[in-house]
Amino acid sequence: MRERVQNALDKIRPGLMADGGDAELIDVDAEAGIATIRMVGACGGCPMSTMTLKMGIERTIRAAVPEIKEVVAV
């Protein structure tokens, strides 16, 4: 499952990098259905990072990996 989450994240990574940011996959808890990521670069301090996380990253990951219920940032 971790590989599928990473592949989904890799699909949206170019958009994040275009704005000077990125997201790193930290952990996937398959039992709880939670993926943990770290927002880095410009995304780390951006006031819109919560929206990017929920509306962009989480939506993309959940579409590719339905077992994931939530994506959280650390």
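The values are calculated or read from the model by the stated rules, or taken from the named source; none is laboratory data. All figures in this text were calculated on a predicted structure; none of them were measured in a lab. So basically every Cβ, Gly included, is an ideal-geometry build from the backbone, and we count neighbours across all protein chains shown. SASA here: full protein model, heavy atoms, side chains in, ligands and nucleic acids out. Shrake-Rupley method; radii C 1.70, N 1.55, O 1.52, S 1.80 Å.
Numbers at a glance
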read-out: Residue within region 62-71 that is open to solvent by less than 50 Å² (accessible area, probe 1.4 Å), part of a strand (DSSP E or B), closer than 17 Å to Lys11 by Cβ and of a type outside the set (Lys, Arg) present; value: yes
read-out: Selection count, region 42-74, where residues are touching a Gly at 6+ places or on another chain (Cβ under 6 Å) and modelled with pLDDT of 95 or more; value: 3
read-out: Residues located in region 30-61, provided they are charged (D, E, K, R) and open to solvent by 60 Å² or more (accessible area, probe 1.4 Å); value: Glu31, Arg38, Lys54, Arg59
read-out: Qualifying residue in region 19-41 (condition: assigned to a helix (DSSP H, G or I) and modelled with pLDDT under 95); value: no
